[in-house]
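The values are calculated or read from the model by the stated rules, or taken from the named source; none is laboratory data. Note that the structure is a prediction, hence the values are computed from the model and not measured. In this analysis, Cβ positions are derived from the backbone assuming ideal geometry, glycine residues included, and neighbour counts consider all displayed protein chains. Surface areas here come from the heavy atoms of the whole protein model, side chains and all, with no ligands, DNA or RNA. Shrake-Rupley method; radii C 1.70, N 1.55, O 1.52, S 1.80 Å.
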Amino acid sequence: MENITRFLSVFENLHEGVYYVDINRQILFWNAGAERITGFTRQEVLNRHCYDNILMHTDDKGTHICIKGCPLHQSMADNEIKTAFVYLQHKSGYRVPVSVRAIPILNQGVVCGAIEVFQIQQELLETMHNVEELKLLALTDQLTVLPNRRYITTFLESKIRENRALGINFGVLFIDIDHFKALNDQHGHTAGDEVLSVLSKTFANVLRASDRIGRWGGEEFLGVCICRDGDTLLKIAEKIRTLAEKTVIPFGDLILHITISIGATMIRENDTLGTLIQRADKLMYKSKANGRNQTTLK
């Protein structure tokens, strides 16, 4: 272990997150990069096991891969480097897209553990940089740090014009947080604000740079996604819905769980801004009527 400790010290100040587990998947090293990316200090994770699901790694389908399909476990079992793209859950509750590389560590030719190196997927976070520019134009919602209604309306109008002139297809997602009023009534508006803030970070982190999602008002959000057809739009909507469902939000002594209902629709030949939003809104209410926590596409 002494030799391994000296080896791991090289990784202490890397920008990337690095942690080491022994053959029993106990975490024995957690660098400064891991603290920065996850929000968890080394004191909070050392000597725990990666299968304790501390970071709640999920894939696009919402599968908890720390429990099923862990790259570290597979790396040690096969004595091979394993890679994956996952969404970890930050200590504050929001999802962060990361690329993961698990590398087995050998001692005298025998696997004795593995290190995992992970870094934020900057391509998926370009939308966050765009939001910084929007602040300068006063087009950002103060609470959620997402584009506000004024901006998302302007963006949607531009996509309608592009569709008419160039035939570029896109879809609209009308998103509403389920039982939000009950949450406010039970836990107070501070809890509601925390849910809006955390969920908005997840939205911003998982959308592609070409897409936009903004706060429409209250607990409602409007997304505009460049895509060729309804099937593609449905996949985007379901990824967002699933990651929202998997999000847990610390609030004092409580853990808040949320779900969202989505109405999804593609641009049509004679659509205006009003007809497009109205149709998506009605489809969202259909998702509510059918039991919530689902997407309705038409």
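Here segment 197-240 is the region considered, the condition is being over 14 Å from the mean Cα position of the chain (by Cα) and of a type in the set (A, V, I, L, M), and the residue that is farthest from Pro147 (Cα to Cα) is Leu234.
All conditions but one from (1) among the hydrophobic types (A, V, I, L, M, F, W, C); (2) over 17 Å from Gly93 (Cβ atoms); (3) touching a residue at least 40 places away in the same chain (Cβ under 8 Å); (4) assigned to a helix (DSSP H, G or I) apply to Ala264; the one that does not is (4).
In segment 138-150, the residues that are more than 17 Å from Leu207 (Cα to Cα) form Cβ pairs under 8 Å with partners that are of a type in the set (Asp, Glu) and assigned to a helix (DSSP H, G or I), at six or more places apart or across chains, as follows: Leu143/Asp193. For Arg215, the requirement of being basic (Lys, Arg) and either modelled with pLDDT under 90 or touching a Phe, Trp or Tyr at 6+ places or on another chain (Cβ under 9 Å) (or both) is met. Scanning segment 161-182 for residues that are open to solvent by less than 70 Å² (accessible area, probe 1.4 Å) and either assigned to a strand (DSSP E or B) or at pLDDT 95 or above (or both) yields a total of 12.
Looking at Ile267, Ile249, Ile277, Ile260, just one residue is closer than 21 Å to Leu143 by Cβ and at pLDDT 95 or above, and that residue is Ile260.
Quick check: anything in segment 271-288 assigned to a strand (DSSP E or B) and closer than 26 Å to Val198 by Cα? Within segment 271-288, not a single residue is assigned to a strand (DSSP E or B) and closer than 26 Å to Val198 by Cα.
Residues in segment 202-233 that are in a helix (DSSP H, G or I), in contact (Cβ under 8 Å) with a residue 60 or more places away in the chain and crowded, with 20+ Cβ neighbours inside 10 Å: Thr202, Ala204, Asn205, Val206, Leu233.
Can you pull out the residues in segment 183-201 that are of a type outside the set (A, V, I, L, M) and assigned to a helix (DSSP H, G or I)? Passing the criteria: Asn184, Asp185, Gln186, His187, His189, Thr190, Gly192, Asp193, Glu194, Ser197, Ser200, Lys201.
Yes or no, residue by residue, for (1) hydroxyl-bearing (Ser, Thr, Tyr); (2) free of Cβ contacts under 8 Å to residues at least 60 places away in the same chain:
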site	(1), (2)
Tyr19	yes, no
Asp22	no, no
Phe29	no, no
Ile37	no, no
Arg48	no, yes
Tyr51	yes, yes
Thr58	yes, no
Gly69	no, yes
